[in-house]
Amino acid sequence: MRRRFALSTRHVGAVGVPDAVPKAPPGNPQFALSDSLRAIAILGVIACHVSPAAIGRFWWGTIAWNGSVGVDIFFMLSGFLLYRPYLAARVAGRPLPSTWGFLRRRAFRILPAYWVALTLVAIWPGVPGVFSAGWWRYYGLLQIYPLGPSGGGLGVAWTLCIEVSFYLVLPFFAAVMSRLARADAARGWARRELLVLAVLGTGAFLVRLAVAFGHLPPWMDTTLAGQFDYFAVGMALAVASVAVAGLNRPPRWVSPIDRYPGLFFGLALLVFLGMCHFVPERDPNIPVLGLVMRPISFLHEEADYWLIALTALLLMLPVVFGDPRRGLSRRVLAARPIVGIGVISYGIYLWQVPILSQIIPYVGTEPSRWIFGSPVPTMFLATLAISVPVALLSYRWVELPFLRRRYSSRAASPVVARPQRPANRTGPAST
């Protein structure tokens, strides 16, 4: 079935982003505030990258540094949004999404903008490795693996390497879980899913533990094997979302999330501030804005890891469950400038570090200390102000044409798995 685009010339607030978000496939609601979470995530990432000069000198320096939680929000969103269609299809008795179609859409979403940014940044101001004999590692998003000299390309692309490996694993994981789903055990599907995700998440913890004690090489810490538990939390949210959508009445625990979204956003802020205050700081080392942690104890590192995960989870709960128009906090998040930044967040993510590296000599000096007595806020505002129009150009001329192509009828062709009997009569909601 051909999926149509909701294309229009509508502008999203002052950002001016055309609406090119395709309608959700049957059984999969469009989570209206997911782009707002992307906006929060990218603002946190920029704050982290500009913060080194403020750490240890200003009370807000550690808060800005821990804006790196944005990366983990992106991971959890991917786990939730990409796994949910597989679950919804299986529970409703529909065939699973096509593996080829899924990978094609992910390639169209990620690779064109990344390739353009990587090539242009390699030309000017110049980053090492891109035009060397190892070019295939950077264009193939393989630079986090020990396949040759490291340190070149776009520094932020390490997270894209992890994302791409998740894309490759997800269809096969969904197919295996579909095989395990027996018709006579339909009622226990959610419990089985959560158990498997818990086991795999524990595996990621064990990988980090083995790295910390020297039993595995350090590079494995920043691969899917060492970071999968963030994705697992998002996938567990997808399980809960599909399970709740299939009930005649939502369970009691959903009601407070629906009615009091501000409470959960507030709890996320408290957990985040507590993490900034109680978990030891990380000292940055800046060769080319490459942030390197100083050694701290494994337990402190894991405390930081799971407090970040809890912060991201609390932020996602009001986005996943409840009416997106209910509550002042949700309405604030739905403001068009915030949504617009979320829509173009990928372009901002790709370009913000190269832009920051070029403007530091101009805004990272004494005359720019007029906000909080530090150049850091000026660097943040300048980086954002330049990154937004650059990301708009990337979205309009690079990303948007491929966003249209990825939902062509050929890309939407089904399917790879035999349909299963629905777990309940109602099936997941399609609103």
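The values are calculated or read from the model by the stated rules, or taken from the named source; none is laboratory data. Please read all numbers here as calculations on a predicted model, not as lab measurements. Positions of Cβ are generated from backbone atoms using ideal geometry, with glycine treated the same way; all protein chains shown enter the neighbour counts. Ligands, DNA and RNA are stripped out before the accessible areas are found, and what is left, the full protein with its side chains, is counted by its heavy atoms. Shrake-Rupley method; radii C 1.70, N 1.55, O 1.52, S 1.80 Å.
Here are some notes:
- Estimated at the nearest 10 Å², the accessible area of Tyr230 is 10 Å² with a 1.4 Å probe.
- 3J(HN,Hα) along region 95-100, derived from phi through the Karplus expression 6.51 cos²θ - 1.76 cosθ + 1.60 where θ = phi - 60°, amounts to x, 5, x, 4, 4, 5 Hz, with x in place of Gly and Pro.
- Residues with amide H under 5 Å from that of Phe58, placed H, sequence gap 5 or more: none
- Packing-based ranking of 163-176, 190-203 yields 163-176, 190-203, ordered from highest to lowest mean Cβ neighbour count within 10 Å.
- Residues in region 255-271 reached by a label modelled at Arg326 [backbone nitrogen below 11 Å; 7 Å Cα→Cβ]: 255-261
- Rolling a 1.4 Å probe across all protein chains gives Leu307 an accessible area of roughly 50 Å².
- Multiplying the residue separation of Gln358 and Phe298 by 0.36 nm and removing their Cα-Cα distance gives an extension gain of 18.1 nm.
- Efficiency of FRET between Phe402 and Arg57 - r from beta-carbon atoms, R0 30 angstrom, step 0.05: 0.10
- Potential lengthening between Arg179 and Trp124 on full extension [0.36 nm per residue; Cα-Cα distance subtracted]: 14.8 nm
- Extended-chain gain in nm, criterion 0.36 nm per residue less alpha-carbon gap, Leu168 and Leu103: 22.7 nm
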